[in-house]
Amino acid sequence: MHDVSKIYVGHDVIEANRALGNQNRAWLEQRGVRAINVMGAIGSGKTSLIELAIEMLKAEVGMAVMAGDVIAEFDSERFRRHGVRVVPLNTGKECHLDAHLVQHGLQELDLDGVELLFVENVGNLICPSDFYLGEHLRVIVVSVTEGDDIVAKHPVIFKDADVAIVNKVDLAELVSADPDKMVRDALAGVPRAFKTSVRTGEGIQEWIQLVRETARQAPGPEQRQ
Amino acid sequence: MHEFSLAQSVVETVLQVAAQHGASAVEEVNLEVGEVALVNMQQLEWHIRMLTQDTLADGARLSWTSVPATILCLECGYQGEVRHRELDPSSHWEMPIFECPACESPNTRILSGRELRIVDIQARFPQEREADNA
């Protein structure tokens, strides 16, 4: 004979991650650091955009990078060449970063002199969406080579982002993609979206200005819920 | 494959709660899953089943209810469920439209629908402990 009864649990796994994310945010703010979570599709140009920002801003803003990837060493090496501190976050089988992994990364990272931390997420438009990391700005990067319906297919991750970047617009004609459609689709979810090309420099000033503004953002709780 | 790490979190919590209450087995786990939490329930169920093998929760039934996505419109104040785009019936989910259904503004905030909550578990207790748990 056994007694069977119900035990109330009431534990939200997504919410638990959010609580850890808030701890990360507080940790960063105590050290005067702002963070940008750069999410986006595989090969959309996340690493190149971050490299460019580091190169153009390193004289005025102290920066560091957390490079999340299934094998993080490749991108980490690219960032180190620009003279910034890098913590590789190897996710192995996982397709996203979570607040817990970032918390471990933060413990390894010397933030002395750092004002802005880039957290490059794993290339993926689905999994990272549910995981707030403690960032001050959430950027989502897609490129025209993924097809111009890529934004419309992934409404949730765009709803979660602050800014969308449509990258590699110099290739739009070659791949028969309409980058303006992508920007319009993105604006159904994000308040701000713009086009860039690392090769031609289109839109890069807007990206750099966004990074600069984020580094100077006032501390405070997350605005987006 | 983020269902695997979500399943790990669910199983960890379930086993912890069951052990804290002195349960001998977990028979059922009840979840609430937000419709815009990007969780594939078939995958989640499979991972939970794998991860609970040879534990207190081995063979436990998993049941869940879906929590609809609701939004608050920051322009007109609409508060309620989102609309959905009609997709081919073979799609696994109805695609949410986050623009306000009343005024079409994209300036909306998600109020609910992101949850992956373990509501409760149905646990079995050894008879001698019945009094403790009554």
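Descriptive notes on the structure:
- Residue in the stretch B:32-53 that is nearest to A:F131 (Cα to Cα), counting only those that are in contact with a strand residue (DSSP E or B) (Cβ under 8 Å, 6 or more places away or on another chain) and at the interface with another protein chain (Cβ under 9 Å from one of its Cβ atoms): B:A37
- Some residue of the stretch A:185-197 being acidic (D, E), surrounded by 14 or more Cβ atoms within 10 Å (Cβ to Cβ) and farther than 28 Å from B:H84 by Cα: no
- Taken together, the criteria exclude A:L101 from residues that are assigned to a helix (DSSP H, G or I), at pLDDT 95 or above, within 29 Å of A:E29 (Cα to Cα) and not small (G, A, S).
- Residue within the stretch B:86-106 that is β-branched (V, I, T) and within 24 Å of A:E15 (Cβ to Cβ) present: no
- Residues of the stretch A:58-88 that are among the basic types (K, R) and either touching a Ser or Thr at 6+ places or on another chain (Cβ under 6 Å) or outside any strand (DSSP E or B) (or both): A:K58, A:R78, A:R80, A:R81.
- Number of residues in the stretch A:21-56 that are out of contact with any Pro (no Cβ under 7 Å at 6 or more places or on another chain), more than 23 Å from A:H82 (Cα to Cα) and surrounded by fewer than 19 Cβ atoms within 10 Å (Cβ to Cβ): the value is 5.
- Matching residues, the stretch B:4-27, being more than 7 Å from chain A (Cβ to nearest Cβ) and buried (at least 20 other Cβ atoms within 10 Å of the Cβ): B:A7, B:V11, B:V14, B:A18, B:A23, B:V26
- Identity of the residue in the stretch A:175-195, touching a Phe, Trp or Tyr at 6+ places or on another chain (Cβ under 6 Å) and part of a loop (DSSP other than H, G, I, E, B), that ends up nearest to A:A152 (Cα to Cα): A:G189
- Checking B:R124, B:R61 one by one, the residue that is away from chain A (no Cβ under 12 Å), over 30 Å from A:A161 (Cβ atoms) and basic (K, R) is B:R61 and no other.
Yes/no per residue for (1) over 20 Å from the mean Cα position of the chain (by Cα); (2) touching a residue at least 60 places away in the same chain (Cβ under 8 Å):
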{"site": "B:S5", "(1), (2)": "no, no"}
{"site": "B:Q8", "(1), (2)": "no, no"}
{"site": "B:V36", "(1), (2)": "no, yes"}
{"site": "B:Q42", "(1), (2)": "no, no"}
{"site": "B:M50", "(1), (2)": "no, no"}
{"site": "B:T55", "(1), (2)": "yes, no"}
{"site": "B:L62", "(1), (2)": "no, no"}
{"site": "B:V82", "(1), (2)": "no, no"}
{"site": "B:E86", "(1), (2)": "yes, no"}
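The values are calculated or read from the model by the stated rules, or taken from the named source; none is laboratory data. Keep in mind the model is a prediction, meaning the values are calculated, not measured. Cβ atoms come from the backbone with ideal geometry, glycine included; neighbour counts cover every protein chain shown.
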